[in-house]
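Here is the structure we will look at, set down as structure tokens.
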Amino acid sequence: MPVPIRRLALALTLCCALLAGSTGWAGAQSTPQHSPTVAVAAATPSPTTPAQRQHFAKTRFVANAALAAGATYEWIVKPYKQGKFKKGAPHRRGTFVKAALAGAFTYNRLRAAVRNAKGDPLLSKALRPINSAINDLRGLPAKLRHGDTSAVGDYSNVINKVKGAGSSAGAPVHNQIPSHRQLIQGS
């Protein structure tokens, strides 16, 4: 079976280029023993400027707060409005388990959002009064597991406060529903 000349020429060219490149790299990596070693001062890298840190802080805040808001709406508020928490509702136990997972996920993402907000002075000031309300969410997943539906209103209120604080600081938050995998992993 004959091979076209073009393919052979291409293969030969690629092999030569790889061989020349690898020998050039190896030659650059080895230093002769008789030449003096010159110390080069490496510049310390600066990851971001203060303006970029603030920009990225707002972006991370919005992402985390949006995931928290989406989880709260999808697995806590929406099933509550549909009556899935009521006694005798089909799949009630599964709904409570999902709501408890969503509650823990929401708490986790809101804590991350607060950490992100510390990088932006305006966001930090806007979220300062809400920190205690976010800390109060810690015990709400247990309330949801035991069937206490008053936790639904607490979640909804805190999410609305976080959205309002974000909007006032120039970082509007829109619901983003996390995947089931994110919900289970907590991030």
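Determine if region 153-168 includes at least one residue that is touching a Pro at 6+ places or on another chain (Cβ under 9 Å), of a type outside the set (V, I, T), open to solvent by 50 Å² or more (accessible area, probe 1.4 Å) and in a helix (DSSP H, G or I).
yes
Hey, among the residues in region 143-158 that are over 22 Å from the mean Cα position of the chain (by Cα) and in contact (Cβ under 8 Å) with a residue 12 or more places away in the chain, which one's farthest from V62 (Cα to Cα)?
G147
In the set (1) more than 20 Å from the chain's Cα centre (by Cα); (2) exposed (fewer than 13 other Cβ atoms within 10 Å of the Cβ); (3) more than 22 Å from T59 (Cα to Cα); (4) modelled with pLDDT under 90, the condition left unmet by H180 is number (1).
For region 104-128, a residue qualifies if it is without any contact (Cβ under 8 Å) to a residue 40 or more places away in the chain, of a type in the set (D, E, K, R) and closer than 25 Å to A142 by Cα, and the qualifying residues are R111, R115.
Could we say that P50 is open to solvent by 60 Å² or more (accessible area, probe 1.4 Å) and modelled with pLDDT of 55 or more here? Answer is yes for this residue. When S132 is evaluated against the numbered criteria (1) without any contact (Cβ under 8 Å) to a residue 40 or more places away in the chain; (2) over 14 Å from T72 (Cα atoms); (3) touching a helix residue (DSSP H, G or I) at 6+ places or on another chain (Cβ under 9 Å); (4) open to solvent by 20 Å² or more (accessible area, probe 1.4 Å), which criterion, by number, is the only one it fails? The single condition S132 does not satisfy is (3). Residues in region 75-120 that are buried (at least 19 other Cβ atoms within 10 Å of the Cβ) and charged (D, E, K, R): how many? Total meeting the criteria: 3.
The set of residues from region 85-130 being part of a helix (DSSP H, G or I), of a type in the set (F, W, Y) and at pLDDT below 90 comprises just one member, F96.
The values are calculated or read from the model by the stated rules, or taken from the named source; none is laboratory data. Given the structure is predicted, the values throughout are model-derived calculations rather than measurements. A quick note on method: Cβ atoms are made from the backbone with ideal geometry, for glycine too, and the neighbour counts reach across all protein chains shown. In case anyone asks, the SASA skips ligands and DNA or RNA and just uses the protein heavy atoms, side chains included. Shrake-Rupley method; radii C 1.70, N 1.55, O 1.52, S 1.80 Å.
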